[in-house]
Amino acid sequence: MRNVSWSAVPANCLGLLTVLMIGNTHALDCGTFNFPICSKALTDPAQFAGGFDPQVPFGGFGGGEGCKASISHTPVILVHGNGDSAIGWDSPAPARAGKPQRPSVYGELKAHGYNDCEVFGVTYLEPAAQEYSQTANNFHRPEKYEVIWKFIQAVKAYTGSAKVDIVGHSLGSSMTLATLDYYTDDKKEQAWLSVHRFINIAGGLHGLNTCLWPAAYLSAPTCQAEHGGNGDQYYEFGFLPDLPPILSNRWTAVNGDHSLRQAPKRHSDVAFYTISAGQQDDIHCPLIPVPTVVDCARGPLFIAASNVRTQIDIGSPPPSMPPSWTQAVDQNYQNLVPRDLGGIGHFGARNYAGPIIVQMLTTDCRGAACKGAYVGTSRLSKP
């Protein structure tokens, strides 16, 4: 059974967690959770089982003994964000404003009937790139696409499924969209035909307004624009918003063959969903004043299309007196995502969204119905 640091769990949470964990063993183990990091991200990065061997370099999780015969769901692949790893999908939703700690996204899926042969996660960042100090150096490029695509193929082969569902957080969302374009358009492998549902959580589809600061786009690779030229270089880019004729980035543009936000219109047979934190997302909407090109709350949103099933904003501000656990958060993260400290911001849009993700993956919900069993404020977003 998954290890839990019980000393860090409030007393009123023990009953809930015990009920959720009895008879529900976990193949994925976060280890000790200190927001927003799982200790086993670096100490046990490859948590594969049941003969599942995806041959990826940086780890992940998935697979189990004796469960392939009982697959009943479309396999789901969880793709982490910047400065994170696949192990982070077992990060619980910390207690906030009188609400007890909730299970992780992985825990929610397991509690709702997904077995170990139906839930997978891939790490596409090397260990050094997962460190906070290196997050500004991570951007979209084919070396990362190869890791993700190889993993998708491995999951399909292991499960015998023709399609997978994908849930991406932050950089993982845009990285996977670019992966599917790269292997469909450039490598002619029709990668998009492998996708049934795509859930985007707080992805930088419109780029990041913070990248408009000269110091950012001149020195931070994650803020670079598109690369020109041919071949693989054509598919390298960062989160610089498209601002013609001064700055150009076809990936964050409103229209075009590689516009991230137009992906649903290009792939009408895939169901798309978005979960965001709206104005409470410190990555899209930082507290410090920044140049504004795109309404920051719209930054993670797809352009409306018939196959965009819903785009839900679950952001909420921290209380005036944040929970005690926030005092133990590393100062770097306190500065980076202050709205997540007792509220729901960039990381909370993932950690608290387990019930919504389950609803999106297991029903044909649209609009507000995709909230499912989620308890908390939610709003429908318009791009």
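Would you check if Leu208 is in contact with a Phe, Trp or Tyr (Cβ under 6 Å, 6 or more places away or on another chain) and farther than 18 Å from Arg266 by Cα?
yes
Can you tell me which of Gln101, Gln130 is over 18 Å from the mean Cα position of the chain (by Cα) and either buried (at least 17 other Cβ atoms within 10 Å of the Cβ) or touching a residue at least 24 places away in the same chain (Cβ under 8 Å) (or both)?
Gln101
Considering only residues of region 95-124 that are modelled with pLDDT under 95 and outside any loop (DSSP other than H, G, I, E, B), which is nearest to Pro57 (Cα to Cα)?
Arg102
Condition check ((1) of a type in the set (D, E, K, R); (2) in a helix (DSSP H, G or I); (3) at pLDDT 95 or above; (4) surrounded by 18 or more Cβ atoms within 10 Å (Cβ to Cβ)) across all residues:
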| site | (1), (2), (3), (4) |
| --- | --- |
| Tyr145 | no, yes, yes, yes |
| Ile148 | no, yes, yes, yes |
| Ala157 | no, yes, yes, no |
| Gly172 | no, yes, yes, yes |
| Thr176 | no, yes, yes, yes |
| Leu180 | no, yes, yes, yes |
| Phe198 | no, no, yes, yes |
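Show the residue pairs meeting these rules: Cβ distance below 9 Å; 6+ apart or different chains; first residue within region 227-249 and free of Cβ contacts under 8 Å to residues at least 24 places away in the same chain; second residue in a strand (DSSP E or B) and crowded, with 17+ Cβ neighbours inside 10 Å.
Note: pairs meeting the criteria are His227/Phe237.
Can you confirm whether region 353-364 contains a residue that is aliphatic (A, V, I, L, M) and within 21 Å of Thr135 (Cβ to Cβ)?
Looking through region 353-364, none of the residues is aliphatic (A, V, I, L, M) and within 21 Å of Thr135 (Cβ to Cβ).
Residues are listed down the side, and each one gets a yes or a no for (1) in contact with a Ser or Thr (Cβ under 7 Å, 6 or more places away or on another chain); (2) crowded, with 20+ Cβ neighbours inside 10 Å; (3) not in a strand (DSSP E or B):
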{"residue": "Ile312", "(1), (2), (3)": "yes, yes, no"}
{"residue": "Gln327", "(1), (2), (3)": "no, no, yes"}
{"residue": "Asn335", "(1), (2), (3)": "no, no, yes"}
{"residue": "Met360", "(1), (2), (3)": "no, yes, yes"}
{"residue": "Asp364", "(1), (2), (3)": "no, no, yes"}
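Is it the case, given these coordinates, that Leu301 is aliphatic (A, V, I, L, M), touching a residue at least 40 places away in the same chain (Cβ under 8 Å), assigned to a loop (DSSP other than H, G, I, E, B) and surrounded by fewer than 22 Cβ atoms within 10 Å (Cβ to Cβ)?
No, not satisfied.
Does region 275-292 hold any residues that are farther than 16 Å from Phe347 by Cβ and either surrounded by 22 or more Cβ atoms within 10 Å (Cβ to Cβ) or out of contact with any helix residue (DSSP H, G or I) (no Cβ under 6 Å at 6 or more places or on another chain) (or both), and which are they?
If the condition is that a residue be farther than 16 Å from Phe347 by Cβ and either surrounded by 22 or more Cβ atoms within 10 Å (Cβ to Cβ) or out of contact with any helix residue (DSSP H, G or I) (no Cβ under 6 Å at 6 or more places or on another chain) (or both), then Ile288, Pro289 are the ones that fit.
The values are calculated or read from the model by the stated rules, or taken from the named source; none is laboratory data. All values reported here derive from a predicted model rather than from experimental measurement. FYI the Cβ positions are ideal-geometry reconstructions off the backbone, even for glycines, and counts take in every protein chain you see.
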